[in-house]
Amino acid sequence: MGVMTAPLSARWHDLLTRCGATADPEPYARDLLARWAEPQRRYHTTAHLEAVLDRVDELAAHADVPDAVRLAAWFHDAVYRPDRSENEERSAALACRALREAGLPEPLVHEVDRLVRLTTTHHPAPGDRNGEVLCDADLAVLGGPREAYDAYAAAIRDEYSFVPPDAFRAGRATVLRQLLALPSLYRTPEAHARYDTRARANMHRELAALEG
């Protein structure tokens, strides 16, 4: 489920340079893309990274600092172990180390750190326009066509293949209920209009199958 990494590497170089990096972007690109291609990943792959970056670009006009959101997208699942619960915290710590080393301004580093941690809950505060764009971009997969959603759900199951079926069904159902209970699944007007109805239909359909 990966993608050609040269275009992604070019996007990273452009972004880091634009943000004022004083270090060569290439080593960071190699490290990040290697992380996104780790063998335990089935959904959280370079294809997911590319999709989130594309959705951020589409929603960028809503953000206060679009490049902070783009940086957070690069790091939001950079550390990913399905059997661990601290992935977002470790991803945020990685972002802080890497971006400081690359020479980016400290306020930007702080904002990326905050945004990566926000993907733990996907519940930005009212008026958090950067957080709204990142969360909407990350959750856009839920509002895809039925076939794409089913492929996403199957890939998530593959990532958690070590979890017994009954336990997985219970845990996955809890995640879906939490998402469906959010006051608003999508916060930007564009994402809400584009994805909300289909996302809720997809999740209700999956939830019914899990509980059937």
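The values are calculated or read from the model by the stated rules, or taken from the named source; none is laboratory data. Values in this document were obtained by computation on a predicted structure and should not be read as measured data. Positions of Cβ are generated from backbone atoms using ideal geometry, with glycine treated the same way; all protein chains shown enter the neighbour counts. Heavy atoms of the whole protein, side chains included, go into the accessibility calculation; ligands, DNA and RNA do not. Shrake-Rupley method; radii C 1.70, N 1.55, O 1.52, S 1.80 Å.
Sort through Glu111, Glu206, Glu106, Glu159 and tell me the only one that's in contact with a helix residue (DSSP H, G or I) (Cβ under 7 Å, 6 or more places away or on another chain) and closer than 29 Å to Leu32 by Cβ.
Answer to the selection: Glu111.
Return yes or no: is Arg157 closer than 30 Å to His13 by Cα, in a helix (DSSP H, G or I) and either at pLDDT 95 or above or open to solvent by less than 20 Å² (accessible area, probe 1.4 Å) (or both)?
No.
In the stretch 36-49, what residues are under 13 Å from Asp138 (Cβ atoms) and either open to solvent by 30 Å² or more (accessible area, probe 1.4 Å) or touching a residue at least 60 places away in the same chain (Cβ under 8 Å) (or both)?
Result: Tyr43, His44, His48.
Scan Gly127, Gly131 and give me the residue that is surrounded by fewer than 20 Cβ atoms within 10 Å (Cβ to Cβ) and small (Gly, Ala, Ser).
Unique residue meeting the criteria: Gly127.
I need every pair where a residue in the stretch 52-67 that is over 15 Å from Cys19 (Cβ atoms) and in a helix (DSSP H, G or I) has its Cβ under 8 Å from the Cβ of a residue that is open to solvent by 60 Å² or more (accessible area, probe 1.4 Å) and not hydroxyl-bearing (Ser, Thr, Tyr), sequence separation at least 6 or different chains.
Glu58/Glu190; Leu59/Glu190; His62/Arg129; His62/Pro189; His62/Glu190
I need a count of the residues in the stretch 12-44 that are within 28 Å of Arg84 (Cβ to Cβ), among the basic types (Lys, Arg) and outside any loop (DSSP other than H, G, I, E, B).
2
Yes or no: Ala201 surrounded by 12 or more Cβ atoms within 10 Å (Cβ to Cβ) and either within 22 Å of Tyr80 (Cβ to Cβ) or over 20 Å from the mean Cα position of the chain (by Cα) (or both)?
yes
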